[in-house]
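We did not get these values from a lab; they are worked out from the coordinates using the rules stated. Please read all numbers here as calculations on a predicted model, not as lab measurements. Positions of Cβ are backbone-derived with ideal geometry, glycine not excepted, and every protein chain shown enters the neighbour counts.
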Amino acid sequence: MTRIYDRNVAEPAEEHRASPRAVGGVGPTIIPDRWLGAAMLAPSVLVFLALLIFPLGYGIYTSFFRIDTLDLSTGGTFVGFENYLWLLGNEQFWHALKTSTMFSVVVVSLQIVLGTAVALLLNSSFKGRTLVRGLILFPYMMPVVAVVLVWLLLYNAIFGVINYLIFSVGFIPRVDSIAWLANPTSAFIGVVLVAVWKYFPFVVVIVLARLQVIPQDLYEAAKIDGAGPISRFFDITLRELRDVLLVVALLRTIFIFNNFEIVYLMTHGGPMQATLTLPILVYETALDGDRSFGRGSAIAVVMFAILMCVMTVYFRFLRKEDQK
Amino acid sequence: MASVKFDKLRKVYGKDVVAVAGLDFEIPDGLFVSLVGPSGCGKSTALRMIAGLEEPTSGRLIFGDQDVTDREPRNRDIAMVFQSYALYPHMTVSENLQYGLKKRGVSSEERSISVKRIAHMLHIETFLDRKPRQLSGGQRQRVALGRALIRDPEVFLLDEPLSNLDAKLRVHMRAELATLHQRLRKTMIYVTHDQLEAMTLSDRIVVMNHGVVQQIGSPAEIYNSPSNRFVAEFMGTPSMNMIPCTLKQENGEPRLIAKNLSIPLSKQVASLASRTEVALGVRSEDFEIGAPGIVGGVDARVLVAELTGAEKYIYLELADAKVIARAPADSPICAGDNVSLSFKPHQMHVFDGRGDEAAALRAA
Ligand SMILES: Nc1ncnc2c1ncn2[C@@H]1O[C@H](COP(=O)(O)OP(=O)(O)OP(=O)(O)O)[C@@H](O)[C@H]1O
Ligand SMILES: [Mg+2]
């Protein structure tokens, strides 16, 4: 007790008010404030290091080595930029980069258009709106494997529902005229549709939340100002949604650019590499075929760098727009 | 030419929320008219029906000689200032001002001339390139006014445009609005729950309660001859004092009696009363406070004396009722004093009953 009392007198009043230990006279074991702060931060810093920085650092590190994936413990041999040079000269890499870019752009654009359209519908009042709002999340909540299995059945050339429908309308001469996932173009479209379907509810939810906070009196002011429905949509709704759409587009791009499971489960990157995206190439290089972990890491690092560049440019652009 | 005529205009929300129970009057062209009443009495609803933002349940709305009940807001030649200003957040002040003109196909040269003119008039030239969020409340308020003025409409609708401003700015903008109306001489319909704003700005005041018009008249009429107890108590600060009385005949003369109070009433007024339970209404400035025992006065006890700056509010107990009287700021009266109150005979209001609807009894 005496000790605590002494400290209180010795220290400026400010500090002992801020420090929890001094208030109640907790007991003899006293941790100095600066250590207490560090101790409280430590768990989150450790988790952050373990979960984010370590894998990233390890990936970059291994990209400078030649390592067999089945023999990671040896550490491999240092090869400098060899893996990166291999990459630049590799036709498959450039093809996969092109496919990934196209896939991301098309999927994200469609998700945004579809998601916004559905959100606008759900924002208008109709009977059973709450129920539909709940149901719309359904694809988003389904496990990817289940989604893919269902769509594989739908796309099936012989007994799939999609072909059956197109056939019964009379667009194709025979039920099995389109082998959806066997033809390069239709396989790409097929995978795009599934990716759009699975993740557009994300856009719906966010856009809907934004729509609901657009002040109603803006529309009323615009009505009085003489703006028709189309002007009101572009000048108010879309303009108010702009910021949130830009962020959603960025999030979806990062996600879909890195997405492995949908494409791999549906097509394994085929047919004829029509759906070979970068994540699949990483997988094939590092874990399949070559088992070259270093090269796989190099591709992954390049993907990361590309996304970082896109994000940087994007945020620069956003900030400039904001200042206008 | 745009007078605004309400022809039994009524609005019912859902099945039974009667927001406006039937407006039936005409606002002559060029007047400044205030709709006042407590919160929820249907002022905004009435204004929104004029704007075309709310469809009336029944009745017609006529501007000048044209029935506009079924017209779109943009075809009504009106402009509206919203309580929240409703400025377009992503447009600059200048774009906000121009928007209505642009949507009406006015050329960009003409638009920029108009913007200059309005900006000059409202002293907002220096922030034409700013976004609304970079403006203070008062500046936003001006831009909102500017957006209404720029189109030069026949009828201006203002829904509590000053209620988001601080007291000082409100007084200032009130004066600016008054000047503006003097200059433009356009019909302005102004919604407020602040009776002082209504008193100072208006040519005519429409007092509403529960969706029903209580009285229409000039500020002086409304203040000096309120038609019922609701209007009497709503208009004026402090509120008109109400002393419950009984109407009795004494020696053949009608008198208002309450405890130690007994005031003669003219026979003419007394004959209008439909009951004996009446209320005597006296504004705080219509009392005279004197030394106790003065002839013709009524003894009362001072509860509190409150200095407001320019004058003192004296809270008194008079015949079981609590009343407020005004006294000069330097008056020595203080709590606990016994005084004598006398009434200015022509400034007394007698109400036929004790409820809000109790009509004022007045000799013709
Ligand atoms: N959209 C609506 N649906 C149902 N009832 C409504 C609606 N809008 C207003 N009301 C009701 O109509 C009545 C009048 O509302 P109004 O907004 O006209 O009041 P006000 O006089 O403008 O009040 P305030 O001074 O608070 O703005 C209120 O009782 C309100 O609850
Ligand atoms: Mg209102």
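So the values come out like this:
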read-out: Over the stretch B:238-362, relative contact order from alpha-carbon pairs under 8 Å, at least 6 apart, %; value: 28 percent
read-out: Global form of the stretch A:28-115, assessed from the alpha-carbon gyration tensor, a/c cut-off 1.5; value: oblate
read-out: Peptides A:137-144, A:55-62, B:351-358 ordered by average Cβ neighbours within 10 Å, highest first; value: B:351-358, A:55-62, A:137-144
read-out: Entries of A:Lys127/A:Lys223; B:Lys5/B:Lys186; B:Lys259/B:Lys312 with Cα pairs more than 20 Å apart; value: A:Lys127/A:Lys223; B:Lys259/B:Lys312
read-out: Helix runs (DSSP H) in chain B reaching 20 Å along axis by Cα, Kyte-Doolittle at least -1.0; value: B:108-122, B:167-184
read-out: A:Ala50-B:Met91 FRET efficiency (beta carbon distance; Förster radius 41 Å; 0.05 resolution); value: 0.25
read-out: Number of partner chain Cβ atoms within 10 Å, mean per residue of B:139-149; value: 1
read-out: Mean separation of Cα contacts under 8 Å (6+ apart) over length of the stretch B:188-286, as relative contact order %; value: 19 percent
read-out: HN-Hα J in Hz across the stretch A:138-155 - Karplus 6.51, -1.76, 1.60, θ = phi - 60°, x for Gly and Pro; value: 3, x, 5, 8, 5, x, 4, 4, 5, 4, 5, 4, 4, 5, 4, 5, 4, 7
read-out: Chain A: C-alpha gyration tensor shape, a/c 1.5 cut-off, then a/b vs b/c; value: oblate
read-out: Neighbouring partner chain Cβ atoms per residue of A:224-233, average, 10 Å criterion; value: 6
read-out: Extension reserve of the A:Met272-A:Asp288 stretch, reckoned as 0.36 nm per residue once the Cα distance is removed; value: 4.0 nm
read-out: Relative contact order (%) - criterion: Cα under 8 Å, at least six apart; region: the stretch B:4-233; value: 29 percent
read-out: Peptide ranges B:75-83, A:90-98 listed from the most packed, as the mean C-beta count within 10 angstrom indicates; value: B:75-83, A:90-98
read-out: Net length gained if the chain between A:Cys309 and A:Val169 were fully extended (0.36 nm per residue, minus Cα distance); value: 45.7 nm
read-out: Distance in nm between pseudo-label sites at B:Phe25 and B:Arg130 (7 Å out along the Cβ direction from Cα); value: 3.9 nm
read-out: Distance (nanometres) between label positions extended 7 Å along Cα→Cβ at A:Asp68 and B:Asp356; value: 9.2 nm
read-out: CD proxy at 222 nm, helix term only [per DSSP H run n ≥ 4: -39500 (n - 2.57); per residue of the protein assembly as shown; nearest 500]; value: -14000 deg cm²/dmol
read-out: Ordering of B:236-248, A:309-321 by packing [mean C-beta count within 10 Å, highest first]; value: B:236-248, A:309-321
read-out: Listed residue (B:Leu177, B:His193, B:Pro132) projecting farthest to the positive dipole end of the stretch B:77-196, Cβ model; value: B:Pro132
read-out: Average partner coverage of B:82-89, which counts Cβ from other chains inside 10 Å; value: 5
